[in-house]
Amino acid sequence: MTVEILKQNKKSWDIVAHHFNGVDALPSYGPYTQTEDELKLFGNVKNQRVLEIGCGSGHSLRYMAKKGGSELWGVDISEKQIETAKETLKDLNPHLYRAPMEEDIGLPKEYFDVVFSIYAIGWTTDLAETFALINSYLKPGGYFIFSWDHPLYPHLQSQNGKIYLDGTYQKEGHTTYEKFKGEDASVVIPKRKMSTYINELVKAGFTIDSVIESEVSASYDSSKEEVSDRYYSLYKARRFPTTMIIKVLKK
Ligand SMILES: C[S@@+](CC[C@H](N)C(=O)[O-])C[C@H]1O[C@@H](n2cnc3c(N)ncnc32)[C@H](O)[C@@H]1O
């Protein structure tokens with residue numbers, strides 16, 4: 001099952017990759033979400049070794065290079081995304097690998113100062129193994145930051161501006177979407193509770209530093225709010241966080 005999901009998701013990410021060039025990249029943590037410039041979760045990354053899980057088009061790694069990161073490493077399941085990331089980072093000598101995040105592909109252990117992931121971690125079919133691997137890549141004292149859909153968010157439906165719970169938050173499992181970005185690209189996305197993310201981080205040996213249910217970014221302060229039932233809208237984001245952001249430390 002897991003192998004089939006990974007195969008299917010890889011195929012679909014190769015189809016939709018062009019929709020995501022430079023999207024979901026730092027300093028953004030997610031739709032309408034406070035940015036790294038506002039939250040300042042990363043410390044000084046000057047001369048640090050950084051690894052991105054689900055590096056996509058490479059734009060977050062490029063942001064890390066601008067902040068002084070010395071070694072840029074990235075892993076992504078999609079060939080197309082890795083091709084784009086190579087292009088985005090071509091002057092920066094990156095180390096890029098096409099592989100699922102849940103697989104041990106021999107990345108160096110206790111090597112990285114920072115591991116991060118922007119809107120990718122929730123794709124993993126094995127959260128426990130993924131967090132254990134990330135913990136193993138980090139030096140003691142290093143940290144891991146990720147953002148992902150707030151786990152309740154996919155359950156929020158909106159009708160004429162009234163937001164209600166659809167389905168059950170209680171039941172974990174998988175959701176299959178037949179189309180992704182309007183393309184014939186079916187994907188299977190694991191469905192987990194907030195507590196599962198936090199408990200698995202603790203089991204993997206991390207100490208929680210911050211759990212952020214993000215406010216709307218200050219850049220929208222002067223934006224007019226209109227009632228909207230779209231999946232992501234300013235109207236919804238002002239009432240419920242689209243994104244969770246978690247920072248953990250390796251002792
Ligand atoms: C929204 S994008 C991340 C964008 C990225 N933060 C950037 O700066 O471009 C999510 C990424 O997760 C990758 N992905 C999905 N499932 C994965 C898996 N099991 N292992 C590794 N990468 C995966 C996708 O190929 C996609 O590039």
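The values are calculated or read from the model by the stated rules, or taken from the named source; none is laboratory data. Here the structure is a predicted model, which is why all the values come from computation and not from measurement. Counting neighbours? That spans all protein chains shown, and the Cβs are built from the backbone with ideal geometry, glycine included. Heads up: the accessible areas ignore ligands, DNA and RNA and are worked out on the full protein's heavy atoms, side chains in. Shrake-Rupley method; radii C 1.70, N 1.55, O 1.52, S 1.80 Å.
Checked against the criteria, GLY43 does not count as part of a loop (DSSP other than H, G, I, E, B) and touching a strand residue (DSSP E or B) at 6+ places or on another chain (Cβ under 6 Å). Restricted to strands (runs of 3 or more DSSP E) entirely inside the range 134-199, those with at least 2 residues that are over 28 Å from ILE15 (Cα atoms) and over 17 Å from the mean Cα position of the chain (by Cα) are 138-149, 156-159, 162-165. Has the range 66-76 got any residue that is among the polar types (S, T, N, Q), in contact with a strand residue (DSSP E or B) (Cβ under 8 Å, 6 or more places away or on another chain), more than 9 Å from the ligand (Cβ to nearest atom) and assigned to a loop (DSSP other than H, G, I, E, B)? Within the range 66-76 (the criterion being among the polar types (S, T, N, Q), in contact with a strand residue (DSSP E or B) (Cβ under 8 Å, 6 or more places away or on another chain), more than 9 Å from the ligand (Cβ to nearest atom) and assigned to a loop (DSSP other than H, G, I, E, B)), the answer is yes, since at least one residue qualifies. Among the residues of the range 1-47, those that are of a type in the set (A, V, I, L, M), over 18 Å from ALA85 (Cα atoms) and more than 7 Å from the ligand (Cβ to nearest atom) comprise MET1, VAL3, ILE5, LEU39, LEU41, VAL45. Quick check, is TYR177 among the hydroxyl-bearing types (Ser, Thr, Tyr) and free of Cβ contacts under 8 Å to residues at least 24 places away in the same chain? Yes, satisfied. Condition test on ASP104, is it assigned to a loop (DSSP other than H, G, I, E, B), more than 13 Å from the ligand (Cβ to nearest atom), farther than 23 Å from ASP209 by Cβ and free of Cβ contacts under 8 Å to residues at least 40 places away in the same chain? Considered against the rule, which asks whether it is assigned to a loop (DSSP other than H, G, I, E, B), more than 13 Å from the ligand (Cβ to nearest atom), farther than 23 Å from ASP209 by Cβ and free of Cβ contacts under 8 Å to residues at least 40 places away in the same chain, ASP104 comes out as no. Only residues that are modelled with pLDDT under 95 and touching a helix residue (DSSP H, G or I) at 6+ places or on another chain (Cβ under 8 Å) were counted across the range 132-164, and they come to 4. On the given criteria, is VAL50 under 25 Å from LYS203 (Cα atoms), under 13 Å from the mean Cα position of the chain (by Cα) and either more than 14 Å from the ligand (Cβ to nearest atom) or outside any loop (DSSP other than H, G, I, E, B) (or both)? The answer is no for VAL50.
The set of residues in the range 118-133 being open to solvent by less than 30 Å² (accessible area, probe 1.4 Å), more than 7 Å from the ligand (Cβ to nearest atom) and not β-branched (Val, Ile, Thr) consists of GLY122, LEU127, PHE131, LEU133. Being more than 30 Å from LYS236 (Cα to Cα), near the ligand (Cβ under 9 Å from one of its atoms) and among the small types (Gly, Ala, Ser) is a property that holds for ALA85. If the Cβ limit is 6 Å and pairs must be 6+ apart or interchain, which residue in the range 205-226 that is under 30 Å from ALA132 (Cβ atoms) pairs with which residue that is polar (S, T, N, Q) and at pLDDT 95 or above? Every condition considered, the pairs that remain are GLY205/ASN135; SER214/THR33; SER214/GLN34; SER214/THR243.
The set of residues in the range 59-84 being in contact with a Lys or Arg (Cβ under 9 Å, 6 or more places away or on another chain) and within 16 Å of TRP123 (Cβ to Cβ) consists of VAL75, ASP76, ILE77, SER78, GLU79, GLN81, ILE82.
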